[in-house]
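Here the structure comes first, spelled out in structure tokens, and everything after it is commentary.
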Amino acid sequence: MLKGRSVIEPSDLTVAEIDEICNLAEKMIVDPSAYIDVCHGKLLATLFFEPSTRTRLSFESAMLRLGGKVLGFADANATSTTKGETLADTIRVVSSFVDVIAMRNPKEGSSLLASHYSTVPIINAGDGGHHHPTQTLTDMLTIRQITGCFENHTICFCGDLKFGRTVHSLVEAMSRYTGTKFIFVSPQELAVPDYIINQVIKPARIEYKCAERLEDVIGEADILYMTRVQKERFFNEEDYIRLKDSYILDANKMKLAKDKMIVLHPLPRVNEIAVEVDDDPRAAYFKQVRYGMFARMALIAKVTGVL
Ligand code: NCD
């Protein structure tokens, strides 16, 4: 039963619940008109303390397509936070107005904290470099739509695996399926954090390896998950400039990949995928955006308890 529950990281959802959400999302993809008023009378607040285009608009379009309404802010500078209001108080106030809250904040753990003060479900739309569970539902729905299942995939993550919250969340989710293997491609300084290796991957006995060159391993991947170097989480500009173009996926590298490999990216992309790759049938990152809206529609319908 997902009704009333907050979703802070993928492990808040069981494997069966992820199936339940994806099953509902798939029905919504097939017949969106059957769901146009299921959230009639419900309100979603989108509280974005950090910039976003896709995620916020995806949440808003999801709720509007379910017949609900949306309020919120996209710029924390226009809120009482600037007067010194604590997150706990902001959440107490907003949760007395709405039925569900989607929240993004630069601080790790902020959504979990918010869930302790909220009287309605909190959906974490990104807490610093920590987690981003609705991007994971987006990624998983895309994987299932294209490959038909969650099992037996070798997933190669490439780019900023240290600060990339979408990577941390997808690793946590996919570690629960049989036959999953991970390949991590990053510069040393942007390697996947130790806590992910020690607390998620090792206990699940997942086979994994690390590499520094994408060319060396791309041929093994069923799914290539490209990521942007997370500029906003660097302490100094020099390091960012040095690392930002570490990996660029182009048509030449795609020649080394399997015919059925799929390329995912949570977007926004900066330089890490050359535009020439967009026309490759294996490029799935724009389809992924649309699936994200359906994944969020399904999640909102479940946590508000309307379906
Ligand atoms: C991601 C994020 O915010 O973590 N974007 C998104 O939600 N689609 C990835 C990123 O910003 O690089």
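Structure notes:
- Positions within region 1-32 being free of Cβ contacts under 8 Å to residues at least 24 places away in the same chain and among the hydroxyl-bearing types (Ser, Thr, Tyr), in sequence order: 14
- Residues that are within 14 Å of the ligand (Cβ to nearest atom) and surrounded by 21 or more Cβ atoms within 10 Å (Cβ to Cβ) were ranked within region 256-268; the one that is nearest to residue 146 (Cα to Cα) is 264.
- The set of residues from region 72-105 being under 19 Å from the mean Cα position of the chain (by Cα) and modelled with pLDDT of 95 or more comprises 100, 101, 102, 103, 104, 105.
- Criterion violated by residue 195 - all others in (1) in a loop (DSSP other than H, G, I, E, B); (2) under 21 Å from the mean Cα position of the chain (by Cα) satisfied: (1)
- Enumeration of residues in region 269-285 that are of a type outside the set (Lys, Arg), assigned to a loop (DSSP other than H, G, I, E, B) and open to solvent by less than 60 Å² (accessible area, probe 1.4 Å): 272, 274, 280, 284
- Contact map, region 235-248: residues that are of a type in the set (Ser, Thr, Tyr) paired with residues that are assigned to a loop (DSSP other than H, G, I, E, B) and at pLDDT below 90, Cβ distance under 7 Å, separation 6+ or inter-chain. Pairs shown: 240/234.
- In region 53-82, residue farthest from the ligand (Cβ to nearest atom) [restricted to those that are out of contact with any Cys (no Cβ under 8 Å at 6 or more places or on another chain) and open to solvent by less than 30 Å² (accessible area, probe 1.4 Å)]: 79
- Qualifying residue in region 153-174 (condition: over 25 Å from residue 108 (Cα atoms) and small (Gly, Ala, Ser)): no
- Test result for residue 209, over 24 Å from residue 295 (Cβ atoms), within 15 Å of the ligand (Cβ to nearest atom) and either touching a residue at least 24 places away in the same chain (Cβ under 8 Å) or within 22 Å of the chain's Cα centre (by Cα) (or both): no
- Search result, residues across region 234-268 that are polar (S, T, N, Q) and either in a strand (DSSP E or B) or modelled with pLDDT under 95 (or both): 236, 246
- Residue 85 vs. criteria in a helix (DSSP H, G or I) and more than 16 Å from the ligand (Cβ to nearest atom): no
- Residue that is nearest to the ligand (Cβ to nearest atom) [pool: residues in region 152-170 that are under 17 Å from residue 7 (Cβ atoms) and touching a strand residue (DSSP E or B) at 6+ places or on another chain (Cβ under 7 Å)]: 165
The values are calculated or read from the model by the stated rules, or taken from the named source; none is laboratory data. From a predicted model like this one, the values you see are computed outputs, not experimental measurements. Note that each Cβ is placed from the backbone with ideal geometry, even for glycine, and that neighbours are counted across all protein chains shown. Surface areas here come from the heavy atoms of the whole protein model, side chains and all, with no ligands, DNA or RNA. Shrake-Rupley method; radii C 1.70, N 1.55, O 1.52, S 1.80 Å.
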